[in-house]
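Here's the structure, in structure tokens; my notes come after.
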Amino acid sequence: MHCSKTSPVAIAAGLFFSSEKRVGAHVRIPEHEHYAWSLIVPTHGSFRQASRRETIACMPGTLLTESPGDAHENEYGADGASMLVVRISNDLTVDLEARSDAPGQKVVAIADLLLRALNPEELDVIREALCFELLAMSRYGPGWKPRVRSKSLSDAVSAIWSEPSHARTVRQLAGTVGISPIRLARSFRQEYGISLGSYIREARLVQACLLIEKTTAPLADIAFEVGFSDQSHLTRSISSRFSTTPKRLRKPKC
């Protein structure tokens, strides 16, 4: 068989474009190449990727780094395959090399979180932070522990809470505290046990609730100020996280 299942439209987050791709059993994709650096993590099934340099057996948890212009072909097994695909914009300068890393639980965990975040309702910063974590694993290995000053991380936390506009994106926040976004995303989870994107989302929700309770500002203005796409997005997020609504939060207390 010489056909593959069309991949869904990728969801953008910063300079990353993520999607879940599914390919049927015994599909063979003839030699082709991609226009940008790509990170591939199979989540089900298996496939073989053959280039002029090497042949790689890919299974769940493998982290495959593909370089732009590297011609290769793929052949899928009896169960087909599902995979996370992250394309990296050429506007992001990265120092990578084409490689594959043996399956690992850390890669599986990040890939699973990123796949669940491919929900249009999720904040872009959630996906962006996870993409930077996956990029860190590709560049330095899953066990990499960056050396980052504690003050840089505490400055990041302060910026998230004191000035939401400084944390619109991971790259923007990293620039504010003076470290690379790869180091910030990776070291934040190691220090606080939560992804940077999830922490930013929690801070935005708390900030929004306080503004709703203590001010008369329109909900649309509050949503924009703390980093949600619109009033409806903020309302749904508050309802999901706190099982309440902005209307109840703003209701005068007796």
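For the stretch 158-170, indicate whether the set of residues that are assigned to a loop (DSSP other than H, G, I, E, B) and modelled with pLDDT under 90 is non-empty.
yes
Inside the stretch 21-33, can you point out the residues that are touching a strand residue (DSSP E or B) at 6+ places or on another chain (Cβ under 6 Å) and either surrounded by 14 or more Cβ atoms within 10 Å (Cβ to Cβ) or closer than 17 Å to N90 by Cα (or both)?
Correct list: K21, R22, V23, G24, V27, R28, I29.
Inspect the stretch 37-51 for any residue being surrounded by 14 or more Cβ atoms within 10 Å (Cβ to Cβ), part of a loop (DSSP other than H, G, I, E, B) and among the aliphatic types (A, V, I, L, M) and give the result as yes or no.
The answer is no; no qualifying residue exists.
Tell me, which residue of the stretch 78-95 that is of a type outside the set (G, A, S) and touching a Lys or Arg at 6+ places or on another chain (Cβ under 6 Å) is surrounded by the fewest Cβ atoms within 10 Å (Cβ to Cβ)?
Only one residue fits best here, namely V85.
Considering only residues of the stretch 136-168 that are among the charged types (D, E, K, R) and within 18 Å of the chain's Cα centre (by Cα), which is surrounded by the fewest Cβ atoms within 10 Å (Cβ to Cβ)?
Top of the filtered list is R168.
Which of the residues belonging to the stretch 108-122 are surrounded by fewer than 23 Cβ atoms within 10 Å (Cβ to Cβ) and either touching a Lys or Arg at 6+ places or on another chain (Cβ under 6 Å) or part of a loop (DSSP other than H, G, I, E, B) (or both)?
Hits for the stretch 108-122 are L118, N119, P120, E121, E122.
Which pairs do you get when a residue that is of a type in the set (D, E, K, R), found in the stretch 151-177, comes within reach of a residue that is in a helix (DSSP H, G or I) and buried (at least 17 other Cβ atoms within 10 Å of the Cβ), reach meaning Cβ atoms under 7 angstrom, with the pair 6+ apart or on two chains?
If the second residue must be in a helix (DSSP H, G or I) and buried (at least 17 other Cβ atoms within 10 Å of the Cβ), the pairs left are D155/V177; R171/P181.
Among (1) assigned to a helix (DSSP H, G or I); (2) more than 18 Å from L234 (Cβ to Cβ), there is one condition V125 misses while meeting the rest; what is its number?
(2)
Please return the ranges of strands (runs of 3 or more DSSP E) entirely within the stretch 52-101 where 2 or more residues are more than 17 Å from the chain's Cα centre (by Cα) and free of Cβ contacts under 8 Å to residues at least 12 places away in the same chain.
Those strands (runs of 3 or more DSSP E) span 55-58.
The values are calculated or read from the model by the stated rules, or taken from the named source; none is laboratory data. The structure displayed is predicted, hence computed values, not measured ones. Reconstructed Cβ throughout: ideal geometry from the backbone, glycine too, with neighbour counts over all protein chains shown.
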